[in-house]
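Asker: Can you read through this structure? Questions will come right after.
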Amino acid sequence: MNIGIDGRVLDKGITGTGRCLENLLKEIPKIDNINQYYIFSNKNLDINKNFYNHIISKAPPLPSKFYSYFWLHWTLPKLLRLYKIDVLFSPNILLPTIKKGEIKCISVIHDVFPFTLKEYYSKSYRYYLSIFLPKTLRKADKIITSSEYSKKEISRIFKIPQNKIEVIFSCVPNTFIQKMNNGNKTPKSFIDLNQSKKYLLYVGAIEKRKNLFGLIKIFDQLKENGSDLDLIIVGKPGYGYNEIAKEIKKRENNIKCLNFVDDELLYFLYKNAFAFLFPSYYEGFGIPPLEAMQLGIPVLSSNTSSLLEVVGKGGLLHNPNDYSGFVNDILRLEKDNNFYYSMKEKAIIQAEKFNLQNEAQKLLNIFNAFDPKRLKK
């Protein structure tokens, strides 16, 4: 079969959705030697071009929001016909306007928070999704999401049968573990941070939904209780970033904010962190806590949404607004070495439950289920 992939989530700085696709793209060549793959994007991508056919369509001179709509509903359908695509895999949520049954369509929807947490998203984005997402859900032959929590929410809100929705966990490869075992030298980018004190680490979008104000309040209470820890925040600016940045600026002696880092620096930030702090209100999955657990970093996380599945017994869970609960556990980690090392062990055990190779095989099985030869049997 010819399988087409909407690769535009890789055009920009990698977010959780982009990293999930990037990880799967690295695994598929290891397990599939039958299907042909075509990745469609607007820019040149760092992918395995010996395996993937990379089709680049240059952006016309239109504002990005208009162009994205134009590309999805005009450019992409033409490319699908030109390359005789049998199955379209769309990590970008929405599907193009094509005739029903022309090709099989798979949509990836990590969460439905714009419909359940409206205050954290712009009106224009919510309006756009309210028009086009229901159409995508009706058109999709299969919907993929990243947790059992999200599967139930998609089914509940949009009245979609659960057997139409498949869960593929947003696993991460063991790249960090391999780097740790290889004993990589500390990069200059990490040395330049001049981080002499122990620090807590947060990785994720810098936006209101992630409870960054709560993160700062937890840190303030820690300082009030005599903790000497610093805080490093890593992530792409999101909705409400300017307000958050003002609060971070007030504490710049103890909080460092890095909007984007490469994987090498990210690995060393994880590796050297005292603990990982993630009080997000809601997550479709939660890749950063999983990355931290892979390296045996004690994780303190919210007990909401999919984080119960991801972190589970591998971390310390609290209501996202229970600042004192987070603070007390961090102080205990500082004072009790036995407790600290027990949480490191629990983190590693929990992380081992998520296997990228298994999840890539699940995706390939979904692709192959649409093989015309199988459907005729």
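The values are calculated or read from the model by the stated rules, or taken from the named source; none is laboratory data. Since the model is a prediction, treat every value here as computed from it, not as a measurement. A quick note on method: Cβ atoms are made from the backbone with ideal geometry, for glycine too, and the neighbour counts reach across all protein chains shown. Quick note on the areas: whole protein, heavy atoms, side chains included, nothing else; ligands and nucleic acids left out. Shrake-Rupley method; radii C 1.70, N 1.55, O 1.52, S 1.80 Å.
Asker: Using θ = phi - 60° and the Karplus form 6.51 cos²θ - 1.76 cosθ + 1.60, what ³J(HN,Hα) does each residue of region 315-327 get, whole Hz, x for Gly and Pro?
Answerer: So the Karplus estimates, Gly and Pro as x, are x, 9, 10, 9, 4, x, 9, 8, 4, 5, x, 4, 4 Hz.
Asker: Enter the Cα centre distance for the pair region 85-115 and region 270-335, rounded to the nearest angstrom.
Answerer: 32 Å
Asker: Starting from the Cα-Cα distance between residue 321 and residue 242, subtract it from 0.36 nm times their residue separation and give me the gain in nm to one decimal. Walk me through the intermediate numbers first.
Answerer: Working: separation 79, 0.36 × 79 = 28.44 nm, distance 2.15 nm.
Stretched fully, the residue 321-residue 242 segment lengthens by 26.3 nm.
Asker: Follow-up. Could you give me the ³J(HN,Hα) list for region 254-265, computed from phi with Karplus coefficients 6.51, -1.76, 1.60 and θ = phi - 60°, whole Hz, x at Gly and Pro?
Answerer: Once θ is set to phi - 60°, the couplings for region 254-265 become 10, 10, 9, 10, 10, 6, 8, 9, 7, 5, 5, 5 Hz.
Asker: With label points built 7 Å along Cα→Cβ from the Cα atoms of residue 353 and residue 371, find their separation and express it in nm.
Answerer: Rounded to a tenth, the inter-label distance reads 3.3 nm.
Asker: What's the local net charge at residue 143, with K and R +1, D and E -1, over the other residues with C-beta under 11 Å away? Don't skip to the answer; put the middle values down first.
Answerer: Working: positive: 138, 139, 142, 151, 164; negative: 141, 166.
Once positives and negatives cancel, what remains is +3.
Asker: Towards the positive end of the charge dipole of region 324-377, with charges on Cβ (+1 Lys, Arg; -1 Asp, Glu), say which of 342, 327, 364 has the farthest Cα.
Answerer: So the residue we want is 364.
Asker: Something else: State the percentage of accessible surface on region 334-376 attributable to carbon and sulfur atoms; use a 1.4 Å probe and exclude ligands, DNA and RNA. If you can, show how the numbers build up before the last one.
Answerer: Numbers: 1330 of 2800 Å².
Carbon and sulfur: 47 percent of the exposed surface of region 334-376.
Asker: Per 0.36 nm of contour for each residue apart, how much would the distance between residue 148 and residue 186 grow if the chain were fully extended, relative to their Cα-Cα spacing?
Answerer: Values: separation 38, 0.36 × 38 = 13.68 nm, distance 3.82 nm.
Separation in residues times 0.36 nm, less the Cα-Cα distance, equals 9.9 nm.
Asker: Out of the total accessible area of region 64-120 (probe 1.4 Å, heavy atoms of protein only), what percent is carbon and sulfur? Provide the component values of the computation, followed by the final result.
Answerer: Numbers: 1660 of 2790 Å².
Here carbon and sulfur together make up 60 percent of the probe-accessible area.
Asker: Tell me the per residue accessible area of the chain using a 1.4 Å probe; a whole number in Å² is fine. Write down the numbers at each step before the final one.
Answerer: On the way: 18090 Å² over 377 residues.
For the chain, the per-residue accessible area is 48 Å².
Asker: Something else now. Order 209, 138, 251, 332 by their accessible area, 1.4 angstrom probe, all chains in place, largest first.
Answerer: On the way: 209 25, 138 155, 251 55, 332 120 Å².
Result, largest first: 138, 332, 251, 209.
Asker: With all protein chains present, how much of the accessible area of region 239-326 (probe radius 1.4 Å) comes from carbon and sulfur, to the nearest whole percent?
Answerer: Numbers: 1490 of 3230 Å².
Here it works out to 46 percent.
Asker: Which FRET efficiency value, to the nearest 0.05, do you get for residue 11 and residue 126 by plugging their Cβ-Cβ distance into 1/(1 + (r/R0)^6) with R0 = 30 Å?
Answerer: Numbers: r = 23 Å, r/R0 = 0.77.
That gives a FRET efficiency of 0.85.
Asker: Okay, moving on. Sort 213-223, 158-168 for me by packing, meaning the mean count of neighbouring Cβ atoms within 10 Å per residue, highest on top.
Answerer: Working: 213-223: 19.8, 158-168: 14.7.
Highest to lowest by the protection proxy: 213-223, 158-168.
Asker: Show me 42-55, 354-367, 317-330, 265-278 ranked by packing, highest mean number of other Cβ atoms within 10 Å first.
Answerer: On the way: 42-55: 14.0, 354-367: 16.9, 317-330: 18.9, 265-278: 22.0.
So the order, starting with the most tightly packed, is 265-278, 317-330, 354-367, 42-55.
Asker: Connecting C-alpha atoms closer than 10 Å in a GNM of the chain, tell me which of 287, 39, 31 has the biggest fluctuation.
Answerer: Sorting by GNM fluctuation, first place goes to 31.
Asker: Here's another thing I want to ask about it. Hey, rough spin-label estimate for residue 30 and residue 328, points 7 angstrom out along Cα→Cβ, what's it come to in nanometres?
Answerer: 4.3 nm
Asker: Given 0.36 nm per residue, what is the gain on full extension from residue 341 to residue 263 after removing their alpha carbon distance, in nm?
Answerer: Numbers: separation 78, 0.36 × 78 = 28.08 nm, distance 2.56 nm.
Result for the pair: 25.5 nm of gain on full extension.
Asker: If you don't mind, there's one more thing I want to ask. In Å, what Kirkwood hydrodynamic radius results for region 162-294 from the alpha-carbon pair distances? Present the calculation step by step, with values, prior to reporting the outcome.
Answerer: Working: mean 1/r = 0.0627 Å⁻¹.
Computed over Cα pairs of region 162-294, the Kirkwood hydrodynamic radius comes out at 16.0 Å.
Asker: Using the alpha carbons of the chain, what is the convex hull volume per residue in cubic angstrom, as a whole number? Please report the intermediate quantities before stating the final value.
Answerer: Numbers: hull volume 56.7 nm³, N = 377.
In the chain, the Cα hull volume divided by residue count equals 150 Å³.
Asker: Modelled label-to-label distance, residue 135 and residue 78, 7 Å Cα→beta-carbon offset: nm?
Answerer: Once both label points are built, they end up 1.9 nm from each other.
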